[in-house]
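The values are calculated or read from the model by the stated rules, or taken from the named source; none is laboratory data. Everything numeric in this text was worked out from a predicted model, so none of it was measured. Here Cβ is always computed from backbone atoms with ideal geometry, including for glycine, and neighbour counts include all displayed protein chains.
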């Protein structure tokens with residue numbers, strides 16, 4: 001097991017997976033949440049939040065695909081757990097990165113994954129401790145990406161990525 005920092009930041013999936021897999025170098029926040037959460041620089045544990053709404057997953061899945069990153073199925077993403085650690089290298093209010101999409105953000109580097117460690121999370125930076133169990137997949141997660149029942153076409157393209165006729169609506173204001 002890694003020597004994990006005791007201070008963690010909770011991030012919703014699939015952003016938490018994208019960060020720990022090295023695909024997402026910025027975690028968007030507001031300056032208010034950065035100040036209120038006492039977020040600063042240094043190595044932190046990364047907590048995959050227990051909550052996840054279908055519209056959030058759909059948008060982030062599309063966003064990752066746009067960057068050439070194949071996201072795991074939502075039922076396969078651990079939630080309610082520490083999934084590794086990452087170095088916070090800066091707090092920014094402007095960036096040309098396509099990953100920057102808010103008023104402010106934390107720049108990240110050197111992610112190190114670990115086996116999921118169930119732990120409750122909260123807003124902002126928090127001192128984590130192991131406990132509880134992983135969040136179980138919701139029904140929408142288990143059925144996500146499956147075609148409507150049709151015995152003639154169900155298995156034609158099992159490895160094809162999910163297609164979007166138009167970009168999903170961004171679920172945050």
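Some notes on this structure:
- Residues that are assigned to a strand (DSSP E or B), out of contact with any helix residue (DSSP H, G or I) (no Cβ under 9 Å at 6 or more places or on another chain) and over 12 Å from residue 47 (Cα atoms), drawn from the range 66-91: 87, 88, 89, 90
- Taking the range 5-43 as the range and being more than 17 Å from the chain's Cα centre (by Cα) and at positive phi as the test, the residues that pass are 38, 42.
- Among the numbered conditions (1) surrounded by fewer than 18 Cβ atoms within 10 Å (Cβ to Cβ); (2) free of Cβ contacts under 8 Å to residues at least 40 places away in the same chain; (3) part of a helix (DSSP H, G or I), the only one that residue 63 does not meet is (1).
- Residue in the range 129-136 that is at pLDDT 95 or above, in contact with a helix residue (DSSP H, G or I) (Cβ under 7 Å, 6 or more places away or on another chain), farther than 25 Å from residue 38 by Cα and in a loop (DSSP other than H, G, I, E, B) present: no
- Selection status of residue 38, surrounded by fewer than 19 Cβ atoms within 10 Å (Cβ to Cβ) and part of a loop (DSSP other than H, G, I, E, B): yes
- Evaluated against (1) more than 17 Å from residue 27 (Cβ to Cβ); (2) modelled with pLDDT under 95, residue 100 falls short on exactly one condition, (1).
- Note on the range 34-52: residues that are within 20 Å of residue 134 (Cα to Cα) and either free of Cβ contacts under 8 Å to residues at least 12 places away in the same chain or touching a helix residue (DSSP H, G or I) at 6+ places or on another chain (Cβ under 9 Å) (or both) total 5.
- Of all residues in the range 93-116, at least one satisfies being buried (at least 17 other Cβ atoms within 10 Å of the Cβ) and farther than 18 Å from residue 18 by Cβ.
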